[in-house]
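The values are calculated or read from the model by the stated rules, or taken from the named source; none is laboratory data. Quick caveat, the model's predicted, so the values are computed rather than measured. Neighbour counts run over all protein chains shown; Cβ positions are idealised from the backbone, glycine included.
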Amino acid sequence: MHTTSFFKRILFVVSVLFLYSCDKEYNAIGADLLGENHFDFLQYTSDVVAHNQKIGPIDATNLPINALGIYNDPAVGKTTAHFATQLNLATVAPTIGANAVVDSVYLSVPYFSTLKTTKTDGSHVYELDSIYGGQAPIKLSVYESNYFMRDLDPSTSFTESQSFYTDQTPIFENAKVGSRLNNAASTAQNDAFFFDSKEIVQKVTASDGKVTLNRSVPAMRLKLNNSYFATKILNAPAAKLATNDAFKEYFRGLYFKIETVSGSSGSMAMMNFKAGKITISYTEDLVTNGVTTRVSKTMDLNLTGNSVNLLDQTNENTAFTNAVNNPNTSLGDASLYVKGGEGAMTVIDLFKTPGELNLIRTKGWLINEANLVFHVDAAKMATSNEPNRIYLYDLTNNRPVVDYFLDVTNSADVKKSKYVFSGLINKEAVTNGRGQTYKIRITNQIRNLVKYADSTNVKLGLVVTENIGETGFSKLKTPNSFTKKLPKASVMNPLGTVLYGSHPSVPVDKRVKLQIYYTKPN
């Protein structure tokens, strides 16, 4: 009886404290539920100083997503994306029988795709995702690479991972071995390669002669040179295949070289090479009770070793070059260029007007919501592909802002998770509508600045992002005056956007701004 009464009292006290806490923080939670309906909240608009910052070569080691191909962005310039990777034996120390003969060698890397239709004959229609330029052809050459991609950096006494940078194309170009391996007669395999949305169909013949069709998702599927892999792999000394460390020293990897096809603007795909593999199909002797028969076997080489995305930036738009090389750090720039890879970012300062933040603190406002709103420069973007999302982070400390951490919203499309924090593009409400604005909610960032006088008003960084869930950072090859590293998700995204900045020459209705919605204390 007494125990029950005691727990009832405890439950009552906890309930009261919970309700008090909910009431006290109603504006924090309510802000996430109100959306665009600000009811009778008062609005305050604060000037923002935002300027461009060139990125330059950056660490692109072991990215989960890599670009491959050519992307021509009228607003920024041309990006040519190559790729280099080590390989691993799926099974080390393989047993290879006598008289092994290669039947075929295929390299396969699945594309990001969505199943649209399943036909009555069992075939499928797919739509490719993250392809820029459609099926415009590019020249693709796959070479053996003789450049050893070590795991650890000797300059750090082997205490840190080795970094490989986006500007190291010449190193891999000079280390390529012999002729290209994808030397099939079909130009779709090399000189006029394109990203094909057709499903992969393979005929499989069983021991009884019955033929079946194996269907799989669209993929880069390249036929490689049989003779090369017979010599390099099947006839390799056993010690070279005994461990993956020995194998990676012996066969140092592949280099995917991209070149322009005359008359083609080119195309680019975002790819997960770690899901790729090379399959060597071969026959060998099998001796049973003195009788020799031929048997079929396969060997897989996985594209799971160290890798790097190599980016060449050329034909840069003059306006872009001038803007990122001559930023106005005092008033901000008129045009903000936010470009992934080796492109550009935006540096943002809040409350630059002397005394502004302290004045807000003295008023005792309850901050209900705070947003940074960026308007897209439609004229400069014209026909350029637009990034679906931009990402704001604490540039001073190289970490996400508090609102990122507090947003636990999820979406079936993982690229749209954390949609309260947002940064997602807002488009015209018409078919194929173009981007108008990006809005990023930083309510708690501003609330903490206002509430706590000892809070640091940090610089903020703005970049494009390929994956909102990726919070890691990549090192700049040459640090700039603001930072030594950038969000890794920005390196993975080749796209860019042009936003109106904070310079006084920008029309007030287009100027980047901090919107604060608040209520006065009773």
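Observations
- Among the residues making up segment 399-450, a single one is among the charged types (D, E, K, R), surrounded by fewer than 14 Cβ atoms within 10 Å (Cβ to Cβ) and in contact with a strand residue (DSSP E or B) (Cβ under 9 Å, 6 or more places away or on another chain): 428.
- Exclusive hit being touching a residue at least 60 places away in the same chain (Cβ under 8 Å), in the same structural domain as residue 460 (by TED's automatic domain parsing), surrounded by fewer than 14 Cβ atoms within 10 Å (Cβ to Cβ) and within 28 Å of residue 133 (Cα to Cα), set 344, 382: 382
- Index of the failed condition, residue 498 passing every other in (1) assigned to a strand (DSSP E or B); (2) out of contact with any helix residue (DSSP H, G or I) (no Cβ under 6 Å at 6 or more places or on another chain); (3) surrounded by 24 or more Cβ atoms within 10 Å (Cβ to Cβ): (2)
- For the residues 340, 332, the requirement of being modelled with pLDDT of 95 or more and over 26 Å from the mean Cα position of the chain (by Cα) singles out 332.
- Only residues that are under 17 Å from the mean Cα position of the chain (by Cα) and aliphatic (A, V, I, L, M) were counted across segment 266-310, and they come to 7.
- Looking across 291, 287, 324, 308, one residue alone is surrounded by 16 or more Cβ atoms within 10 Å (Cβ to Cβ) and farther than 30 Å from residue 221 by Cβ. It is 324.
- Candidate set from segment 415-452 (those that are touching a Gly at 6+ places or on another chain (Cβ under 8 Å) and of a type in the set (S, T, N, Q)); member that is nearest to residue 465 (Cα to Cα): 417
- Test: residue 437 is assigned by TED's automatic domain parsing to the domain that holds residue 485 and either touching an Asp or Glu at 6+ places or on another chain (Cβ under 8 Å) or over 24 Å from residue 43 (Cβ atoms) (or both): no
Yes/no matrix, rows are residues, columns are (1) touching a Phe, Trp or Tyr at 6+ places or on another chain (Cβ under 9 Å); (2) at pLDDT below 95; (3) within 20 Å of residue 68 (Cα to Cα); (4) surrounded by fewer than 16 Cβ atoms within 10 Å (Cβ to Cβ):
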{"position": "194", "(1), (2), (3), (4)": "no, no, yes, no"}
{"position": "203", "(1), (2), (3), (4)": "no, yes, no, yes"}
{"position": "208", "(1), (2), (3), (4)": "no, yes, no, yes"}
{"position": "219", "(1), (2), (3), (4)": "yes, no, yes, no"}
{"position": "225", "(1), (2), (3), (4)": "no, no, no, no"}
{"position": "232", "(1), (2), (3), (4)": "yes, no, no, no"}
{"position": "245", "(1), (2), (3), (4)": "no, no, no, yes"}
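- Yes/no for residue 111 being of a type in the set (Ser, Thr, Tyr), buried (at least 19 other Cβ atoms within 10 Å of the Cβ), in contact with a Phe, Trp or Tyr (Cβ under 6 Å, 6 or more places away or on another chain) and assigned by TED's automatic domain parsing to the domain that holds residue 281: no
- Any pair with Cβ under 8 angstrom, 6 or more apart, that starts in segment 288-306 at a residue that is over 24 Å from residue 251 (Cα atoms) and ends at one that is outside any strand (DSSP E or B) and not aliphatic (A, V, I, L, M): 295/97
- Verdict on residue 297 being more than 14 Å from residue 109 (Cα to Cα) and buried (at least 19 other Cβ atoms within 10 Å of the Cβ): no
- Failed item in (1) closer than 25 Å to residue 264 by Cβ; (2) surrounded by fewer than 17 Cβ atoms within 10 Å (Cβ to Cβ), with residue 181 passing the rest: (2)
- Selection count, segment 60-96, where residues are at negative phi, part of a loop (DSSP other than H, G, I, E, B) and among the small types (Gly, Ala, Ser): 3
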